[in-house]
Every structure is written in structure tokens, then in C-alpha cells.
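K.L.:
Okay, handing you the structure first.
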Amino acid sequence: MDAEIQFFMTKKDEEEFLLYAKKIVDAIDKNPGIIDLKVGDTALLIFTPSSEEDNTLYAGKLEIRLGNSELPLKELEQAQKAFRQLRNWIKKHYFSRLAYHDKNKKNKLTPSRVHWLGKDAKKWKEEQPEQHHLKLSRTSWMEFDIGF
């Protein structure tokens, strides 16, 4: 199973998520820009936190990459279960009604149901909607807004 979920979260949202993740995974290894969530002896979920720069919050993601894995079946199942639990937590606690400005359709707001907005990130965006931006990445044209 290869899967990912993308989100926008502030540091406060990230801390809350990692507190929950500690209950689900066996170990959390923080590296610059990427956090490994270890399940069992060798299975990893990769958590890339959102980053903020110049009033722009860039999307983060949680991913599991097990397509060509030679892990024991028990660890594969544990990793898949952990990913589902973490993904479901995000879906339960985060806002899902985001829209992006579609440059191919004269900047029309187009619903996105695959990006999630943390509670604190939503508050951050609503405080100064014109100054605070949500972008997929530094090079992406996709900018999100709270919508629909």
C-alpha cells in the first residue's frame, strides 16, 4: 500500500498531531524537515510537517510507501493500520473544505477534498485572509483558500 494525505498545519497543530502519533507508533525520529514514524522494527511512515515562510504556509504530508517492501507481513499490517489511524485522526480533527485558485479557469475557486487544514492553521488563515497564504509548495501555482 502506498498512500499519502496532505495538510496545512502550524507548529501548534504539529505538536498536537505528534502527541497523538506517540500513542500509535513505536518511535518518532525527528530529522531536519522530515519526521520518521517507526512501526515495528523496520516499517516507517514519513511525516513531512508544513513549513511557514513569509506569511505562507506550505503543505505537509503523511505518507506510507510499502509497494515493493519485503517487510514481514505482521509489520506491513501494523504500518498500514498506523497510517489509517493517523490519517483518520487528521480527517476527524481537521477542516476539509478548502478550495484552490484554478489559473486555467480564470482563478475560479475549485473545491479540493484531498487537502486538510489544522485547527490552528485555520485560525491563522482566518485572522488575516489576504496576508496569510496556503500553498502546495514553493514552486506550485496552487494557492488555497477556505471555501465551500
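The values are calculated or read from the model by the stated rules, or taken from the named source; none is laboratory data. Source: prediction; values computed, not measured. All Cβ positions, glycine included, derive from the backbone under ideal geometry; neighbour counts span all protein chains shown.
K.L.:
Would you check which residues across the range 101-148 are modelled with pLDDT under 90, over 24 Å from Phe17 (Cα atoms) and exposed (fewer than 11 other Cβ atoms within 10 Å of the Cβ) and list them?
P.N.:
Within the range 101-148, Asn104, Lys105, Lys106 qualify.
K.L.:
What do you reckon, is Ile5 surrounded by fewer than 19 Cβ atoms within 10 Å (Cβ to Cβ), in contact with a helix residue (DSSP H, G or I) (Cβ under 7 Å, 6 or more places away or on another chain) and at pLDDT 95 or above?
P.N.:
no
K.L.:
Look through Leu57, Leu73, Leu44 and report the one residue that is closer than 25 Å to His132 by Cβ and aliphatic (A, V, I, L, M).
P.N.:
Leu57
K.L.:
Continuing with the same structure: Could you grab the pairs with beta carbons closer than 6 Å, sequence gap of 6+ or different chains, first residue in the range 52-66 and more than 26 Å from Ala82 (Cβ to Cβ), second one surrounded by fewer than 14 Cβ atoms within 10 Å (Cβ to Cβ) and modelled with pLDDT of 95 or more?
P.N.:
Asn55/Gln131
K.L.:
Filter the range 56-98 down to residues that are of a type in the set (Phe, Trp, Tyr) and assigned to a helix (DSSP H, G or I) and give me whichever is surrounded by the most Cβ atoms within 10 Å (Cβ to Cβ).
P.N.:
Per the criteria, the residue is Phe83.
K.L.:
Test each condition in (1) loosely packed, with under 13 Cβ neighbours inside 10 Å; (2) closer than 27 Å to Lys135 by Cα; (3) out of contact with any His (no Cβ under 6 Å at 6 or more places or on another chain) for Ala27 and report the one that comes out false.
P.N.:
For Ala27, the exception is condition (2).
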